[in-house]
Amino acid sequence: MCPVNCNLSNPVTGEEQFHRGVDIAVPTGTQVLASMDGTVTTATYDASYGNYVVIEKDGYITKYAHMDTLSVSTGQVVTHGTVIGTTGNTGSSTGSHLHIECLYNGEYYNPLFYFEAGEGTLYGEAPGSGSGGGNAIPPDSYDDATVQALMEEAAKYLGYPYVWGGSSPSTSFDCSGFVCWVFTNSGVHDLPRTTAQGIYDQCIPVSAADAKAGDIIFFTGTYNSPGPVSHVGIYCGNGVMIHCGDPIKYANINTSYWHSHFYSFGRLN
């Protein structure tokens, strides 16, 4: 499966281009179900998308591309689970798969969020404004002593600047250096200094619906990193993470920016 918002080489043209969705490899003829209620605003053929369908409702848009057959028509009202067609290999495609894109009010976001939790934000909360962490839980208020120790250690460094390669209070931190330091020095988990990708490789993936405070959240495409994971933070619950931005701070992950770059939640082995 290809992640959202990444620069990829187009398999047909060979040119690098921005990828704004997920590709799910499935056999031709697999039924495609609508992931949301709404109105079909497009059901047609395009040289790039092939046979594709667009469904809209209240600012939400989902696109389903490269389909073999279409079972709906423009103007039709559908509900979640309605069969809208079958998967295929039409348009600019090199193999049978379903390409899905999701937008809200014109901005692309990660379809993995939508399919975990449906319309609205990942957690069913009202989207926050800006990038602040207004819903952050006080570090000493967690019921789980392990999570509390982790959050208290992390909060010690709020306001520290981002420093590329930094991995201790004396140098300050970059994103992975901060996460490694906090887990190790809180006593929660011995996590030697590594990259964001290196941290991800030591984790068990966790679904967004099952993510809890103390898990790690990973992002992709925030810069031209050598691996798919480019940024990492510690999930605090309530749709908030603490991470080494510039400076170290709490951030609301239910914004279009973090949605569009979301890669996975993880839990250290």
> Can you tell which of I242, I204, I199 is modelled with pLDDT of 95 or more, over 18 Å from A136 (Cα atoms), outside any loop (DSSP other than H, G, I, E, B) and open to solvent by less than 10 Å² (accessible area, probe 1.4 Å)?
Replying inline: I199
> How many of the residues making up region 39-76 are part of a loop (DSSP other than H, G, I, E, B) and over 25 Å from the mean Cα position of the chain (by Cα)?
Replying inline: 7
> When both residues are 6+ apart or on different chains and their Cβ atoms are under 6 Å apart, which pairs have a first residue that lies in region 34-60 and is over 18 Å from G88 (Cβ atoms), and a second that is open to solvent by 50 Å² or more (accessible area, probe 1.4 Å) and of a type in the set (F, W, Y)?
Replying inline: G59/Y104; Y60/Y104
> Only one of (1) outside any loop (DSSP other than H, G, I, E, B); (2) among the small types (G, A, S); (3) open to solvent by 10 Å² or more (accessible area, probe 1.4 Å) is not met by A251, so which one is it?
Replying inline: (3)
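I'd like to know if region 190-207 contains one or more residues that are out of contact with any strand residue (DSSP E or B) (no Cβ under 9 Å at 6 or more places or on another chain) and of a type in the set (G, A, S). Walk me through how you get there before you give the answer.
Taking region 190-207 first, the residues out of contact with any strand residue (DSSP E or B) (no Cβ under 9 Å at 6 or more places or on another chain) are 190, 192, 194.
This time we only want the ones that are of a type in the set (G, A, S), so: none.
Looking through region 190-207, none of the residues is out of contact with any strand residue (DSSP E or B) (no Cβ under 9 Å at 6 or more places or on another chain) and of a type in the set (G, A, S).
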>> From the list S225, S260, exactly one residue is in a helix (DSSP H, G or I) and either of a type outside the set (V, I, T) or surrounded by 23 or more Cβ atoms within 10 Å (Cβ to Cβ) (or both). Which is it?
In response: S260
> If you take the residues of region 47-89 that are of a type in the set (D, E, K, R) and surrounded by 14 or more Cβ atoms within 10 Å (Cβ to Cβ), which of them is farthest from T28 (Cα to Cα)?
Replying inline: K57
>> Report every pair of residues separated by at least 6 positions or lying on different chains whose Cβ atoms are under 7 Å apart, first residue within region 136-147 and under 15 Å from V188 (Cα atoms), second open to solvent by 60 Å² or more (accessible area, probe 1.4 Å) and in a helix (DSSP H, G or I).
In response: P139/E152
> Is it the case that some residue within region 11-28 is surrounded by fewer than 19 Cβ atoms within 10 Å (Cβ to Cβ), at pLDDT 90 or above and either closer than 15 Å to T90 by Cβ or out of contact with any Phe, Trp or Tyr (no Cβ under 6 Å at 6 or more places or on another chain) (or both)?
Replying inline: yes
>> Testing G233 on (1) at negative phi; (2) at pLDDT below 90, one condition comes back false. Which one is that?
In response: (2)
>> It is to be established whether one or more residues within region 175-192 are at pLDDT 95 or above, under 22 Å from W258 (Cβ atoms) and not in a helix (DSSP H, G or I).
In response: no
> How many residues, within region 207-226, are more than 13 Å from the chain's Cα centre (by Cα) and more than 18 Å from L268 (Cβ to Cβ)?
Replying inline: 4
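The values are calculated or read from the model by the stated rules, or taken from the named source; none is laboratory data. These numbers come from a predicted model, not from an experiment. For neighbour counting, all protein chains shown are included, and Cβ atoms are generated from backbone atoms with ideal geometry for every residue, glycine included. Note: areas computed on protein heavy atoms with side chains; ligands, DNA, RNA excluded. Shrake-Rupley method; radii C 1.70, N 1.55, O 1.52, S 1.80 Å.
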